[in-house]
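Everything on this sheet refers to the single structure shown next.
The values are calculated or read from the model by the stated rules, or taken from the named source; none is laboratory data. Keep in mind it's a predicted model, so treat the numbers as computed, not measured. Cβ placement follows ideal geometry from the backbone for every residue including glycine, while neighbour counts extend to all protein chains displayed. Protein only, heavy atoms only, side chains kept; ligands, DNA and RNA dropped before computing areas. Shrake-Rupley method; radii C 1.70, N 1.55, O 1.52, S 1.80 Å.
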Amino acid sequence: MTALTSDDLEFLRRPLHGFLTVAGGQPRPVWFEAAGDGTIQLFSEPGAPKVRRVRRDPRASIVVAAPVGERERWVSVAGRVSIEPDGAHELAARLAARYWDLGDPARAADLEAILKTDQVRLVIHPETVRRYAY
């Protein structure tokens, strides 16, 4: 399959960590957003190793699994990645609100620090989607 299903999107819209792997790199836990257009988006500093690797080889995959205590379930998305100069700060703010309690002054300060730095948006365009649900 090459597209996310409505069940996939419902699962991926939960505050779960994804494990991103780019060509030539090791998996890294990341925040992500399953966008309405069927892409997976994340943000990063432009000079980060994953961004440099994507510039050399725009292939990546992300795996998201249900947490311990839930029935086994995962979704894997692989495809080409585009590096977008716009929308990264807005994405970071949405994801921070999803993953953190922004009423906590320390977390609000963490978000403010992110928003003061240059960020790019990485967009995975699915070519292969695999899933498992027990």
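The trypsin sites (Lys or Arg not before Pro) of region 35-74 meeting both criteria, a DSSP state outside H, G, I, E and B (loop) and at most 13 other C-beta atoms within 10 angstrom of the site's C-beta, are Arg71. The Cβ shell under 11 Å around Val120 holds other residues with a net charge of -1, Lys and Arg each +1, Asp and Glu each -1. If only the Cβ of Lys and Arg carry +1 and only the Cβ of Asp and Glu carry -1, the dipole of the chain around its Cα centre is close to 520 debye. With a cut-off of 14 Å between beta carbons, the residues surrounding Asp8 carry a summed charge of +1, where Lys and Arg count +1 and Asp and Glu -1. The relative contact order of the chain comes to 32 percent, based on Cα pairs under 8 Å that sit 6 or more residues apart.
Entry comment: accessible area of region 1-118 is 56 Å² per residue, from protein heavy atoms only and a probe of 1.4 Å.
Loop only per DSSP, at most 16 neighbouring Cβ atoms within 10 Å: give me the trypsin sites (Lys or Arg not before Pro) in region 89-134, ordered by residue number. When the trypsin sites (Lys or Arg not before Pro) of region 89-134 are filtered for loop state and at most 16 Cβ neighbours within 10 Å, Lys116 remain.
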